[in-house]
Amino acid sequence: MLGLSFVIIVIYFFLFFVVGTLIKNNSIVDMGWGLGFVILNLIFYFMFEHTLGTLLFTVLLTIWGVRLFLHIYKRNYGKPEDFRYAAWRKEWGEWVVLRSFFQVYLLQAVFMWVVAMPIQTMYPPMYSVNWLTIAGLLLWCIGFFFEVVGDQQLSDFIKNTENKGKIIETGLWRYTRHPNYFGEAVIWWGLALISYSLSGNLLSFIGSGFITFSLCFISGVPLLEKRNASKPGYAEYKRKTSVFIPWFVKK
């Protein structure tokens, strides 16, 4: 199962690599993230016996994946390559195609394979829906709320020209500097709990642990914190507002 899923994911990202190379825009890899999980799960869903638990998992994962794809597509459509990939393109020079394949697309494939562990451990399901499944559903709902509402509040804030150069400190952003990232992590802990409730396999939690660590210490929070550090008022916002887990504002 683990080997089959890795092959599927690598082929999936190779297709994105071809397109990204042709249009000279590696930002396309971000749009492939959400849909990749949906496709992988659907392949396994139709390979094995359907249960109420796997149906619930599939619905929740599909909602998350399709929404994330549409959100990133809307954000990136008609815009130049994201600043991260543009910087790497300039840095890598003549080696940009080769290094893009290994350091962008193949690396994303490996990350997806790890994060997708709840999908890989859940099939075929061993148990029926139980209280852990319901707890996972509740966690997913909390995470989805923070991710969707946080993204929408940020989008509305940016659209207002009066906010140019300012930082958002209202709504969910008043209680955490990264509500959308917090929501993303909680979503995956919810999915992992649902997977564990159906499989009894502790490997289900590897993906949620990895994505939480990645968001907090590698690709999510650190990059944005560095990017926002020079903005007026950010030091004070940073002092009084929790970095990740929502909490009361400091005096």
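The values are calculated or read from the model by the stated rules, or taken from the named source; none is laboratory data. Note that the structure is predicted; figures quoted are calculated from it, not measured. Cβ atoms come from the backbone with ideal geometry, glycine included; neighbour counts cover every protein chain shown. Just so you know, the surface numbers come from the protein's heavy atoms only, side chains and all, with ligands and any DNA or RNA stripped out. Shrake-Rupley method; radii C 1.70, N 1.55, O 1.52, S 1.80 Å.
Within 14 Å, Cβ to Cβ, of Thr212, how many net charges do the neighbouring residues add up to if Lys/Arg are +1 and Asp/Glu are -1? Around Thr212, the surrounding residues sum to -2. Which shape class applies to region 64-163: rounded if a/c is under 1.5, otherwise prolate when a/b exceeds b/c and oblate if not, where a ≥ b ≥ c are the square roots of the Cα gyration tensor eigenvalues? It is oblate, given that a/c is not under 1.5 and a/b is not larger than b/c. For a test of the definition: using alpha carbon positions, the gyration tensor, and the 1.5 limit on a/c, classify region 106-188 as rounded, prolate or oblate. Oblate, since a/c reaches 1.5 and b/c is not below a/b.
Working note: 222 nm ellipticity from helices only, DSSP H runs with n ≥ 4, each -39,500 (n - 2.57), summed and divided by the residues of the chain, gives -22500 deg cm²/dmol to the nearest 500.
Which Cα, out of Cys216, Gly136, Asn228, lies furthest along the positive dipole direction of the chain (beta carbon charges, K/R +1, D/E -1)? Farthest towards the positive pole: Asn228. Taking all protein chains together, Lys226, Lys159, Lys231 sort by accessible area into Lys226, Lys159, Lys231, largest first [probe 1.4 Å]. GNM remark for the chain: springs join alpha carbons under 10 Å apart, and the peak mean-square fluctuation among Gly34, Gly165, Gly143 falls on Gly165. Take the Cα of Asn76, go 7 Å toward its beta carbon, and the backbone nitrogen atoms of region 94-134 under 20 Å from that spot belong to 96-116.
Candidate membrane-span-like segments in the chain, meaning DSSP H helices with Cα atoms spread over at least 18 Å of their own axis and a Kyte-Doolittle mean of -0.5 or above, are 2-23, 28-47, 52-76, 131-159, 179-199, with no membrane implied. By its C-alpha gyration tensor, with a ≥ b ≥ c as the square roots of the eigenvalues, how is the chain shaped: rounded for a/c under 1.5, else prolate for a/b larger than b/c, else oblate? Oblate.
About the centre of its Cα atoms, region 25-88 shows a dipole size close to 240 debye [charges on the beta carbon of Lys, Arg (+1) and Asp, Glu (-1) only; nearest 20 debye].
With the charge dipole of the chain set up from +1 on Lys and Arg Cβ and -1 on Asp and Glu Cβ about the Cα centre, the Cα lying farthest toward the positive end among the listed residues Gly78, Tyr175, Gly53 is that of Tyr175.
Hey, which of these cross-link pairs are over 27 Å Cα-Cα: Lys79/Lys250; Lys164/Lys240; Lys164/Lys238; Lys74/Lys166; Lys90/Lys240? Over 27 Å Cα-Cα: Lys79/Lys250; Lys90/Lys240.
Placing +1 on each Lys and Arg Cβ and -1 on each Asp and Glu Cβ, with no other charges, gives the chain a dipole about its Cα centre of roughly 1000 debye.
What the Cβ-Cβ distance of Cys141 and Trp95 gives, at R0 = 45 Å and to the nearest 0.05, is a FRET efficiency of 0.50. Counting heavy atoms of the protein chains alone, Val7 has an accessible area of about 80 Å² for a 1.4 Å probe. For region 102-250, the solvent-accessible area with a 1.4 angstrom probe is 50 square angstrom per residue. Annotation: aspartates and glutamates with alpha-carbon distance below 15 angstrom to Lys251 (same-chain offsets under eight excluded): Glu169, Glu236. Quantify, in whole percent, the carbon and sulfur part of the accessible surface of the chain (1.4 Å probe; protein heavy atoms only). Using a 1.4 Å probe with all protein chains present, the chain comes out at 71 percent carbon and sulfur.
Only Lys, Arg, Asp and Glu carry charge here, each on its Cβ (+1 for the first two, -1 for the last two); on that basis region 1-107 has a dipole of about 360 debye about its Cα centre. Largest GNM mean-square fluctuation across Gly93, Gly171, Gly150, computed for the chain with C-alpha springs under 10 Å, falls on Gly93. For region 229-246, backbone phi angles converted through the Karplus equation (6.51, -1.76, 1.60; θ = phi - 60°) give residue-by-residue couplings of 4, 8, 6, x, x, 6, 4, 5, 4, 5, 5, 9, 10, 4, 6, 9, 6, x Hz, Gly and Pro being listed as x. Extension gain, Leu2 to Lys24, is 4.7 nm, computed as 0.36 nm per intervening residue step minus the present C-alpha separation.
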